[in-house]
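> Have a look at this one.
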Amino acid sequence: MWVKKEFVEEYDKLKLSLEGQLLEPKEKKMILLKARRKAHKQLRMELLKKAEKKPKKLKDIQKTSKSQISKDTQGKMKQGKKSKSQVEEKGLSEPKPKKAKKNKAESTTDMELSSPEEEKEGEEVVTENRDHTKMPKKEKSKAKKNKAEKNEKSSGKSTAPKDSFMSFKFEESDIMTQYEGVWVKKAAIEELENVKRKNLESIFASRTNGNKSENLTKSEKITFHKSMQKKLKVEHRRLKNELKKQAEKE
């Protein structure tokens, strides 16, 4: 997507902050996609504003072409009617020719004059061209926007929590840090270490073979990982609540 150059740095920061959050890959992709769409929309709005400030040469050209097309069409229709009336007047003033010659004259006039059906087809073509040139850019962008909204609704996922993620900036500071790849409050590090130690002790105590090795088996690693992830989710949620309170105060 086309975006402003300033957005690239913000996008990289957002991408790094999402790596430390406990989110599904699909959720991360949706957050990044929404950020790109928002930046693209901002760029498009700025370009539209700049275009409105410039002289509207293109619109003037379109108006001139429309009026010229309508004039040419009307002129052809008038010319056709005029030539038809001239033929009728000529036929009244002159003596009636023989039957064979009359048929020949009628066929000649039919070839020269356009039929009402042909004129109607010409008008329809001109009308279609006018409608095509009148198609504004705003309607096109609106249609694209509606389509994107429908796709988001059809996915069945709410965008409310994603907006809250967008407002948070996860970076190393006095308040937060990363623990096991997850952003948590610095004050929670000591508690997390205690939980980690207790989980390991619990696993060692549950061994029936008396093995006291710190190397965990595959099943023990899964049990340990699940228990730690549960605690990390709690601490990560606490950090987000803290950031939310700070944002509301500001």
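Readers should treat all values here as calculations from the given coordinates under stated rules, not as data from a laboratory. Bear in mind that the values here come from a model prediction, so they are computed numbers and not experimental data. Don't worry about glycine lacking a Cβ; one is built from the backbone with ideal geometry, like all the others, and counts go over all protein chains shown.
> Residues with amide H under 5 Å of TYR179's amide H, sequence separation 5 or more or different chain, H placed in the peptide plane at 1.01 Å from N; which?
It is VAL184, by chain and number.
> Report, in listed order, any pair from LYS5/LYS38; LYS26/LYS50; LYS28/LYS245; LYS13/LYS186 with a Cα-Cα distance greater than 25 Å.
Pairs exceeding 25 Å: LYS26/LYS50.
> Determine the gain in length on full extension of the stretch GLU52-ALA247; use 0.36 nm per residue of separation and subtract their C-alpha separation, reporting nm with one decimal.
Extra length available between GLU52 and ALA247 comes to 66.6 nm.
> How large is ³J(HN,Hα), in whole Hz, for each residue of the stretch 194-203 in order, when computed from phi with the Karplus curve 6.51 cos²θ - 1.76 cosθ + 1.60 and θ = phi - 60°, using x for Gly and Pro?
Rounded to whole hertz, the list is 5, 5, 4, 5, 5, 5, 5, 4, 5, 5.
> Want the number for ILE175 to ALA205: 0.36 nm per residue separation, take away the alpha-carbon distance, what's left?
On the way: separation 30, 0.36 × 30 = 10.80 nm, distance 3.55 nm.
Using 0.36 nm per residue and subtracting the Cα-Cα distance, I get 7.2 nm.
> Order of 3-11, 233-241 by packing, highest average Cβ count within 10 Å first?
233-241, 3-11
> Report ³J(HN,Hα) in whole Hz for each residue of the stretch 227-243, in order, from the Karplus equation J = 6.51 cos²θ - 1.76 cosθ + 1.60 where θ = phi - 60°; Gly and Pro get x.
Result, rounded to whole Hz: 5, 6, 4, 4, 5, 5, 4, 4, 5, 5, 5, 5, 5, 5, 5, 5, 5.
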